[in-house]
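Quick notes on the structure that follows.
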Amino acid sequence: RKGTVVITGASSGLGLATAKALADTGKWHIVMACRDFLKAERAAKSVGMAKDSYTVMHLDLASLDSVRQFVESFRRSDMPLDVLVCNAAVYFPTAREPTFPADGFELSVGTNHLGHFLLARLLLDDLNKSDYPSKRLVIVGSITGNTNTLAGNVPPKANLGDLRGLAGGLTGLNSSAMIDGEHFDGAKAYKDSKVCNMLMMQEFHRRYHEETGISFTSLYPSCIATTGLFREHIPLFRLLFPPFQKFVTKGFVSEAESGKRLAQVVSDPSLTKSGVYWSWNKDSASFENQLSEEASDAEKARKVWEISEKLVGLA
Ligand code: NDP
């Protein structure tokens, strides 16, 4: 049978390119878990995905209710869950003030980390039930949260500190909107959320890999300088960032190529190892990369897991 993969944020950028790459193989049915139904339908059509290769389902990761509703709708569809890809993200690099959606958590960590944490925790059961030979949970990471790299050292650097703000619920009221309890910084909030993504992948691996056989992985697909991720950035940045990445850092990768990379992490039989953070070299060959000290801190991962469980109502 075909594999079924759920991809969050498949309406643009990396998620859409991955959906397209997997649909083209004819071996996958893609559940596009998106906040904007019409945009997702149009996106699938615009890249030429066959009508029977995908299903669009509503998911707004900024709302815990929506995450729970998505899980219910998915279960009602009676599709198996073979692979889950946590890909969606928001980035507010120039924001001076935090934004708080309905649940009251700062929007970038709320969407990128807490929404995905609840989704992945709830769907773990469904993944476990699947009879697919290689079940995987993939969480998209980033170099910017990795302070052991050049890009990860561009200020403001990711730093979760003592998790004071996260423990307070990132409400901006009695606690800070930032995980480390400091003043709000939109660029740093994104990087911190990516550190949480990478920590969660490893914590899932430690807690569930042996028992379930599911592979838990993360990746850095290289810099896809043309995606909507940079939509909130100043116009001059958006103009100069792609050529800068292409010609100066040479870290640029096209959306199509990045989609092929994530599709490999979803389906390539040679990429089944669990607990791995995949990256690609200049010749587009995959390799197991090292995470920064903070992004591989097992004690911090456990604490983020436990606090996040409380915040999303699982504990
Ligand atoms: P895009 O902005 O193109 O894609 C992000 C996707 O997330 C969009 O489909 C967006 O939906 C969706 N999304 C945002 N908020 C929500 C929400 N509340 N609920 C559901 N979906 C939501 O950016 P990219 O493709 O670049 O980003 C994809 C992933 O790649 C992210 O995890 C990012 O951190 C990571 N990444 C990107 C890099 C890059 O250089 N671009 C480098 C390293 C990692 P909508 O279409 O409705 O806006």
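Applying the criterion of being touching a Ser or Thr at 6+ places or on another chain (Cβ under 7 Å) and in contact (Cβ under 8 Å) with a residue 40 or more places away in the chain to the residues of region 178-190, the residue that is surrounded by the fewest Cβ atoms within 10 Å (Cβ to Cβ) is Gly186. Looking only at region 167-195, residues that are of a type outside the set (Phe, Trp, Tyr) and over 17 Å from Asn153 (Cα atoms) come to 17 in all.
Of the candidates Asp82, Asp65, the single residue that is open to solvent by 40 Å² or more (accessible area, probe 1.4 Å) and among the acidic types (Asp, Glu) is Asp65. It is to be established whether one or more residues within region 228-236 are open to solvent by less than 10 Å² (accessible area, probe 1.4 Å), of a type in the set (A, V, I, L, M, F, W, C) and under 20 Å from the mean Cα position of the chain (by Cα). So far as region 228-236 goes, no, none of its residues is open to solvent by less than 10 Å² (accessible area, probe 1.4 Å), of a type in the set (A, V, I, L, M, F, W, C) and under 20 Å from the mean Cα position of the chain (by Cα). Before we move on, is Phe247 in contact with a Cys (Cβ under 7 Å, 6 or more places away or on another chain) and over 21 Å from Asp24 (Cβ atoms)? Here the answer is no, as Phe247 does not meet what is asked. Candidates are the residues of region 160-177 that are open to solvent by 20 Å² or more (accessible area, probe 1.4 Å) and outside any loop (DSSP other than H, G, I, E, B); the one that is nearest to Phe117 (Cα to Cα) is Ala167.
Taking the criterion of being under 18 Å from Leu14 (Cα atoms) and without any contact (Cβ under 8 Å) to a residue 60 or more places away in the chain, the residues of region 227-243 that qualify are Arg231, Arg238, Phe241, Pro242. Within region 290-315, being crowded, with 19+ Cβ neighbours inside 10 Å and either polar (S, T, N, Q) or touching a Cys at 6+ places or on another chain (Cβ under 8 Å) (or both) holds for Ser292, Val304, Ser308. Scanning region 218-265 for residues that are among the small types (Gly, Ala, Ser), in contact with a Phe, Trp or Tyr (Cβ under 8 Å, 6 or more places away or on another chain) and over 17 Å from Asp283 (Cα atoms) yields a total of 2. Within region 48-65, the residues that satisfy the criterion of being more than 14 Å from Leu114 (Cα to Cα) and among the charged types (D, E, K, R) are Lys51, Asp52. Selection of helices (runs of 4 or more DSSP H) fully inside region 210-315 by the criterion of at least 1 residues being in contact with a strand residue (DSSP E or B) (Cβ under 8 Å, 6 or more places away or on another chain) and either within 16 Å of the ligand (Cβ to nearest atom) or at pLDDT below 95 (or both) returns 235-243, 255-267. Looking across region 29-53, the residues that are more than 22 Å from Leu122 (Cα to Cα) and open to solvent by less than 30 Å² (accessible area, probe 1.4 Å) come down to Ala40, Ala43, Ala44, Met49, Ser53.
With respect to Asp82, determine if the residue is among the charged types (D, E, K, R), farther than 21 Å from Ala102 by Cα and either within 14 Å of the ligand (Cβ to nearest atom) or touching a Phe, Trp or Tyr at 6+ places or on another chain (Cβ under 6 Å) (or both). For Asp82, the condition - among the charged types (D, E, K, R), farther than 21 Å from Ala102 by Cα and either within 14 Å of the ligand (Cβ to nearest atom) or touching a Phe, Trp or Tyr at 6+ places or on another chain (Cβ under 6 Å) (or both) - is met.
The values are calculated or read from the model by the stated rules, or taken from the named source; none is laboratory data. No experiment lies behind these values; they were computed from the predicted model shown. Cβ atoms come from the backbone with ideal geometry, glycine included; neighbour counts cover every protein chain shown. The protein model used for the area step is the full one, side chains on, heavy atoms only, and it has no ligands, DNA or RNA in it. Shrake-Rupley method; radii C 1.70, N 1.55, O 1.52, S 1.80 Å.
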